[in-house]
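The values are calculated or read from the model by the stated rules, or taken from the named source; none is laboratory data. This one's a predicted model, so the numbers in the text were calculated from it and none came from an experiment. Reconstructed Cβ throughout: ideal geometry from the backbone, glycine too, with neighbour counts over all protein chains shown.
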Amino acid sequence: MERRDFLKALAGLFHYALFIPGLETTGLCLLYKGQKEKEVSGMAYTAKDYKHLLGMPGFSEALLTNHFTLYQGYVSNTNKLLELLGEMVKGGKIGTPEYAELKRRMGFEFDGMRLHEFYFDNLGGDGKLDKSGKLYKKITEDFGSYESWEADFKGTGSMRGIGWAILYQDSVTGRLINQWINEHETGHLAGCQPILVMDVFEHAFMIDYGLKRADYIVAFFKNIKWSAAEARLK
Ligand SMILES: [Fe+2]
């Protein structure tokens, strides 16, 4: 790959990272759009359709449609990144700074894709956790009470910064742990399974709630699809 092509591709990736609704025509975006799209070969990821979530109480159509677009960008960039890295391996570019930077970028794009899928998949419910179910029982066992877990999870999601609050299950011991993820890729617990995932990037709530992240978290809890979260539990 020529250095010029690499810079164009990288600009396209960074555009999605910095995407803000209404500011689509950044210089980076224009630079990338000048490049012809390539067919993605192999096992390309496909964006899931979450239109069934439109109409969720506490989430405007504008907020959700923008969020779906952002998610689609992560799917597209994951595919582009895999394609570019594959080309670099074939072209003998391993060991170059370009290869290293794209490799570092993979966690951001892939986790941005996958975490949004966990998030949207655990929304669209009535927010009621079955007290006779195995997840409620496990939460009370590991946190002392449901209320203690909820306070810790909400506290995690209220931390300053952009990222995610995740209720994980340690696949080795089965223990549940609430964890903060910085951006999309920093702080994941190795070998743990996400059970409940909450997006606390500003794009997840600012259109509807401004700076009132706590109000968004209340709305999130009212729409949790606990059956989806429980199905992830081992
Ligand atoms: Fe998001």
message = Of the conditions (1) at negative phi; (2) touching a residue at least 40 places away in the same chain (Cβ under 8 Å); (3) within 16 Å of the ligand (Cβ to nearest atom), GLN193 satisfies every one except a single condition; which number is it?
response = (3)
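Here is a check on your reading of the model: is THR78 at pLDDT 95 or above, out of contact with any Cys (no Cβ under 9 Å at 6 or more places or on another chain) and within 21 Å of GLY163 (Cβ to Cβ)? Break it down stepwise before answering.
On the way: at pLDDT 95 or above: yes; out of contact with any Cys (no Cβ under 9 Å at 6 or more places or on another chain): yes; within 21 Å of GLY163 (Cβ to Cβ): yes.
Criteria met by THR78.
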inquiry  = Quick check on the range 110-123: of everything there that is farther than 14 Å from ILE195 by Cα and within 13 Å of the ligand (Cβ to nearest atom), which residue is surrounded by the fewest Cβ atoms within 10 Å (Cβ to Cβ)?
reply    = ASP111
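Within the range 75-100, work out how many residues are without any contact (Cβ under 8 Å) to a residue 60 or more places away in the chain and in contact with a Lys or Arg (Cβ under 9 Å, 6 or more places away or on another chain).
Matching residues across the range 75-100 total 5.
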remark   = PHE19 fails exactly one of (1) at pLDDT 50 or above; (2) surrounded by 15 or more Cβ atoms within 10 Å (Cβ to Cβ), namely (1)
message = If ARG104 satisfies all but one of (1) away from the ligand (no atom under 16 Å from the Cβ); (2) assigned to a helix (DSSP H, G or I); (3) in contact with an Asp or Glu (Cβ under 9 Å, 6 or more places away or on another chain), what's the number of the condition it fails?
response = (3)
ask   = If you check every pair at least six apart or on different chains, which have Cβ atoms under 7 Å apart with a residue in the range 104-116 that is in the same structural domain as LEU84 (by TED's automatic domain parsing) first and a residue that is among the polar types (S, T, N, Q) and more than 14 Å from the ligand (Cβ to nearest atom) second?
value = GLU109/THR78; PHE110/THR78; MET113/THR78
Single residue of ASP199, ASP126 found to be out of contact with any Gly (no Cβ under 8 Å at 6 or more places or on another chain) and surrounded by fewer than 16 Cβ atoms within 10 Å (Cβ to Cβ) = ASP126
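Would you mind stating whether THR25 is outside the structural domain of HIS188 (by TED's automatic domain parsing), at pLDDT 95 or above, more than 15 Å from the ligand (Cβ to nearest atom) and among the polar types (S, T, N, Q)? Give the steps one after another, and end with the answer.
Numbers: outside the structural domain of HIS188 (by TED's automatic domain parsing): yes; at pLDDT 95 or above: no; more than 15 Å from the ligand (Cβ to nearest atom): yes; among the polar types (S, T, N, Q): yes.
Here the answer is no, as THR25 does not meet what is asked.
Go through the range 49-93 residue by residue and tally those that are in a loop (DSSP other than H, G, I, E, B) and either out of contact with any Asp or Glu (no Cβ under 6 Å at 6 or more places or on another chain) or surrounded by 18 or more Cβ atoms within 10 Å (Cβ to Cβ) (or both). Quick ask: steps written out before the conclusion?
Step one: filter the range 49-93 for residues in a loop (DSSP other than H, G, I, E, B), giving 49-50, 54-60, 91-93.
Subsequent filtering for residues that are either out of contact with any Asp or Glu (no Cβ under 6 Å at 6 or more places or on another chain) or surrounded by 18 or more Cβ atoms within 10 Å (Cβ to Cβ) (or both) retains 49-50, 55-59, 91-93.
Selection size over the range 49-93: 10.
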